[in-house]
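For reference, the structure discussed in these notes is given below.
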Amino acid sequence: MNHHPARKCQNVCPRNCPSSCTMISYVENDRLLRIAGDFNHPYTKGKLCAKGFSYTEKNTHSERLKYPYYQKIKGSGKFIQITWEKAFQLIVSEMLNIYKHFGSFLPFAWFKGSGNIGVHHFVADDFFSSIGETTRLIGSSSLFSGCQTVENGHDALNRFNPSGIKEAATIIIWGANPAATNIHLIPFIFDAKIKGAKIVVIDPLFTQTAELADLYIQLRPGSDGTLACLLIKHLIEQNAVDKSFAPIHSVENHDFSKNMDVKEYLLNCDVSEEAFNLLAGWLTNAKTAAYVVGTGLQKHANFEQTIHSIETLAEVHGDTGKMGGGIYFRRNNTLLFNNQLTKQGVEKNRLLNIHEMSKRNSSPNQHPVQMLWVTCANPLTQEPNANEAKRWLKEIPLVVTVDQFMTPTAQMSNLILPTTTHFEEMDIVASSWHKEIALNERAVSPFYESRSEWRIMTELAERLKQHLPSHCTFPLYPSEEEYLNAQFNEQVFRHYSIRNVLDLKERRMTGVMAQDVLSDRQAYSETKDDQPSGKTTESPSLDKSVLGKYPPKEYPFWLMTPHHPYAFNSQFHFLQLSDETEAFVGIHPKAASALGIKNGDIVKVYNQQACIEIKAVYSKQVAKDIVLIYQGWYPESEININELVTNQHPESGNETAAFFDTFVNVRKL
Ligand SMILES: Nc1nc2c(c(=O)[nH]1)N[C@H]1C(S)=C(S)[C@@H](COP(=O)(O)OP(=O)(O)OC[C@H]3O[C@@H](n4cnc5c(=O)[nH]c(N)nc54)[C@H](O)[C@@H]3O)O[C@H]1N2
Ligand SMILES: Nc1nc2c(c(=O)[nH]1)N[C@H]1C(S)=C(S)[C@@H](COP(=O)(O)OP(=O)(O)OC[C@H]3O[C@@H](n4cnc5c(=O)[nH]c(N)nc54)[C@H](O)[C@@H]3O)O[C@H]1N2
Ligand code: SF4
Ligand SMILES: [Mo]
């Protein structure tokens with residue numbers, strides 16, 4: 001056998017993670033030997049998380065899909081291995097049937113998740129906008145690629161280089177757990193701490209991040225907006241007595257500054273006066289405050305009011321636009337490249353919410369969706385009300401899933417197409433957080449028969465063009481690199497000063513930062529210094545109706561299902577990176593013993609939607625009315641926590657993404 005010395009390649013982690021780390025992979029004889037962090041990366045600085053280092057294992061894991069598989073009956077498990085040619089035949093013939101019957105591809109739906117955020121993977125969007133009208137399925141989990149609420153209305157706030165947080169004098173981490181989910185931010189928070197900054201964590205769970213805090217506030221879920229309003233009131237009153245502290249903005253129409261019973265509100269937030277006074281004092285004295293806003297706030301029905309209150313607090317305190325200050329949140333993925341801007345197609349497309357769809361109760365042949373293409377997604381595990389998700393998936397005559405593993409969603413599909421990992425394809429990943437962009441090189445050949453998504457869509461388009469030449473405008477390129485090159489445009493150039501893959505290659509990809517960050521830096525140094533801006537902000541309203549109302553009597557526990565420190569949504573669980581390989585429910589020892597539950601007992605966790613059996617673990621992380629189960633896929637426990645998680649607004653019953661407004665009861669088995 002020929003022996004080639006180890007070759008180095010650059011890869012970029014394409015997970016939906018703020019860090020978008022670059023990594024160096026060492027390859028010998030077409031095998032991935034090991035992975036190292038990339039010390040040249042200006043933000044991640046050579047550090048990877050445990051999941052990043054586990055890629056050598058993950059890439060050739062025995063459970064990785066090797067071949068295309070087909071089963072006639074979804075969920076039967078009677079998969080037969082088929083050839084790619086056969087797989088394309090099945091797909092094309094079903095597409096032609098649909099076209100003949102309906103005159104368009106409208107009943108052909110696609111569902112794309114956040115499994116891989118690279119530019120390459122927008123090839124699915126590209127394909128579906130090239131075949132005329134189709135249906136894009138949207139689920140609640142689709143909402144969380146980034147912080148949409150904040151982004152939509154307040155893009156101007158999103159102008160930070162996150163490492164700037166080291167300049168802040170007070171950092172409030174609000175509904176986020178960066179020690180687990182955004183790890184490269186932590187060293188910058190420590191830098192701030194060394195300079196004397198106070199670190200405050202506000203979270204109903206005592207998280208890994210809370211352990212690092214100077215002040216931890218275990219508030220009642222959903223009451224953050226109220227707490228922010230109390231702080232605004234404090235700052236305004238403070239300003240009246242002490243002119244040295246001047247709010248930058250004034251607040252119009254505020255009804256909460258005068259006759260408000262602060263004590264009563266604090267009680268409703270479960271926040272002690274002592275903690276409140278400490279925080280209010282730090283904030284009054286802090287020159288700049290940074291607010292790290294996480295998805296924990298967004299996953300409540302009242303999130304708009306909450307976010308608006310926190311934004312108002314930042315404005316009143318004068319943090320917006322100051323170096324190190326203001327709101328830190330993750331943007332939705334940058335949409336700059338041509339295949340990310342297939343808006344024309346999207347507008348032509350029908351958007352269908354999966355929960356709306358399942359309410360229709362139509363018979364299979366009247367079903368609005370006759371065929372479904374799932375990619376980068378595992379909705380059966382990740383969508384709230386998982387049983388409902390399973391029902392709608394079952395009704396669709398042909399479901400095709402493109403994945404690397406036999407996920408619960410793949411198991412409920414008719415056709416499974418094995419796809420490459422980022423070590424086996426070329427891609428470009430732009431961070432949704434620190435604004436670097438980097439090239440991912442192909443390091444090794446595809447695993448067995450897996451194919452890249454570009455190749456899959458290209459081969460499908462070639463076949464479709466033979467039958468319906470005028471109905472598929474998907475462009476055919478000879479290679480991934482040429483496909484990627486075709487996605488560059490003026491916007492990309494303005495943002496990153498690169499015109500093609502070669503430009504990225506030549507720069508070794510590191511240090512390629514968005515231009516607007518550089519100019520913003522200058523803008524910071526010129527910003528006003530504590531001058532009242534004369535601007536006013538509409539007051540956030542205090543949502544009194546929510547206070548003290550939840551949890552309801554019949555389901556006296558909030559169910560918190562945050563992101564797992566050693567997993568990535570439904571990915572990585574089988575790697576057993578943590579001690580707890582089985583799912584467990586964390587419960588306060590006092591709440592547990594009141595129910596006769598001992599540490600390690602199997603218990604029932606139930607609500608109006610579902611009932612699951614799961615091991616109870618005594619936990620001091622939770623308050624007495626909260627239970628904790630990390631979200632994700634637990635192949636060993638065969639339970640799905642999202643069966644319990646709601647997709648309905650607790651008041652109106654309308655569909656929401658209020659995952660964390662889920663209430664349950666717990667019973668000894
Ligand atoms: N290790 C790891 N990293 C990840 C991921 C992963 O699965 N694992 N997923 C990635 C993705 S897709 C995302 S969206 C991000 C998410 O990153 P984060 O936004 O940090 O999400 P969570 O870890 O779920 O943390 C949300 C926190 O909000 C708290 N919370 C819940 N309700 C409330 C409330 O009412 N008020 C307050 N103040 N806090 C509340 C929860 O207890 C939890 O600690 O992480 C990314 N990074
Ligand atoms: N209870 C509860 N549920 C939640 C959340 C929560 O906090 N609590 N968080 C929500 C959030 S924030 C999010 S973002 C969603 C995430 O949910 P999803 O978007 O479904 O994300 P993942 O589970 O990370 O990945 C989905 C699939 O993509 C596959 N995949 C990885 N790389 C590729 C690739 O290159 N090509 C293809 N075709 N597939 C690939 C993975 O193997 C995996 O099976 O979950 C949501 N669900
Ligand atoms: S999951 Fe996030 S922190 Fe871990 S290697 Fe990937 S980008 Fe880096
Ligand atoms: Mo997410």
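The values are calculated or read from the model by the stated rules, or taken from the named source; none is laboratory data. Keep in mind the model is a prediction, meaning the values are calculated, not measured. Cβ sites come from the backbone with ideal geometry, for glycine too, and all protein chains shown count toward neighbours. Only protein heavy atoms, including side chains, enter the accessible area calculation; ligands, DNA and RNA are left aside. Shrake-Rupley method; radii C 1.70, N 1.55, O 1.52, S 1.80 Å.
Only one entry in Lys58, Lys66 is within 16 Å of ligand 2 (Cβ to nearest atom) and touching a Pro at 6+ places or on another chain (Cβ under 7 Å), namely Lys66. Among the residues of segment 168-205, those that are not in a loop (DSSP other than H, G, I, E, B) and not hydrophobic (A, V, I, L, M, F, W, C) comprise Thr170, Pro178, Thr181, His184, Pro187, Asp191, Lys193, Lys198. When Met260 is tested against (1) among the hydrophobic types (A, V, I, L, M, F, W, C); (2) under 30 Å from Val622 (Cβ atoms); (3) at pLDDT below 90; (4) open to solvent by 50 Å² or more (accessible area, probe 1.4 Å), exactly one condition is not met: (4). The set of residues in segment 459-508 being in contact (Cβ under 8 Å) with a residue 40 or more places away in the chain, over 29 Å from Glu436 (Cα atoms) and part of a helix (DSSP H, G or I) consists of Glu459, Leu460, Ala461, Arg463, Leu464, His467, His471. Would you please list the contacts, defined by Cβ atoms under 9 Å and residues six or more apart or on different chains, that run from a residue in segment 158-187 that is closer than 19 Å to Phe206 by Cβ to a residue that is assigned to a helix (DSSP H, G or I) and of a type in the set (D, E, K, R)? Hits for this filter: Ile171/Lys193; Trp174/Asp224; Gly175/Asp224; Ala179/Glu211. If the condition is being touching a residue at least 40 places away in the same chain (Cβ under 8 Å) and either open to solvent by 10 Å² or more (accessible area, probe 1.4 Å) or in contact with a Ser or Thr (Cβ under 6 Å, 6 or more places away or on another chain) (or both), then segment 208-220 contributes Gln208, Ala213, Leu215, Gln218, Arg220. Considering only residues in segment 25-73 that are in a strand (DSSP E or B) and open to solvent by 80 Å² or more (accessible area, probe 1.4 Å), the one that is nearest to ligand 4 (Cβ to nearest atom) turns out to be Arg34. Only one of these conditions is not met by Gln238: (1) open to solvent by 10 Å² or more (accessible area, probe 1.4 Å); (2) at pLDDT 95 or above; (3) among the polar types (S, T, N, Q). Which number is it? Here Gln238 clears every test but (2). Being small (Gly, Ala, Ser), under 22 Å from Phe574 (Cα atoms) and not in a loop (DSSP other than H, G, I, E, B) is a condition met by at least one residue of segment 377-391. Answer yes if at least one residue in segment 296-304 is away from ligand 2 (no atom under 16 Å from the Cβ) and either at positive phi or among the hydrophobic types (A, V, I, L, M, F, W, C) (or both), and no otherwise. For segment 296-304, residues away from ligand 2 (no atom under 16 Å from the Cβ) and either at positive phi or among the hydrophobic types (A, V, I, L, M, F, W, C) (or both): absent. Scanning segment 640-666 for residues that are in a strand (DSSP E or B) and surrounded by fewer than 24 Cβ atoms within 10 Å (Cβ to Cβ) yields Gln648, Glu655, Phe663, Asn665, Val666. Within segment 107-139, being in a strand (DSSP E or B), surrounded by 24 or more Cβ atoms within 10 Å (Cβ to Cβ) and within 12 Å of ligand 2 (Cβ to nearest atom) holds for one residue alone: Phe111.
Applying the condition of being touching a residue at least 60 places away in the same chain (Cβ under 8 Å) and among the aliphatic types (A, V, I, L, M) to segment 9-52 and asking which residue is farthest from Val293 (Cα to Cα) yields Val27. When restricted to residues that are over 26 Å from the mean Cα position of the chain (by Cα), closer than 22 Å to Phe206 by Cβ and β-branched (Val, Ile, Thr), segment 575-622 contains 3. The residues of segment 258-306 that are among the aliphatic types (A, V, I, L, M) and outside any helix (DSSP H, G or I), listed by number, are Met260, Val271, Ala286, Ala289, Ala290, Val292, Val293, Ala301. Arg391 satisfies every condition listed in (1) more than 27 Å from Leu336 (Cα to Cα); (2) more than 24 Å from the chain's Cα centre (by Cα); (3) surrounded by 21 or more Cβ atoms within 10 Å (Cβ to Cβ); (4) of a type outside the set (Gly, Ala, Ser) except (3). With the requirement that a residue be in a loop (DSSP other than H, G, I, E, B) and among the small types (Gly, Ala, Ser), what does segment 307-333 give you? Passing the criteria: Gly318, Gly321, Gly324, Gly325. Of all residues in segment 295-344, exactly one satisfies the criterion of being at pLDDT 90 or above, within 16 Å of ligand 4 (Cβ to nearest atom) and open to solvent by 20 Å² or more (accessible area, probe 1.4 Å), namely Thr295.
Inspection of segment 24-39 identifies at least one residue that is away from ligand 3 (no atom under 16 Å from the Cβ) and of a type in the set (Val, Ile, Thr).
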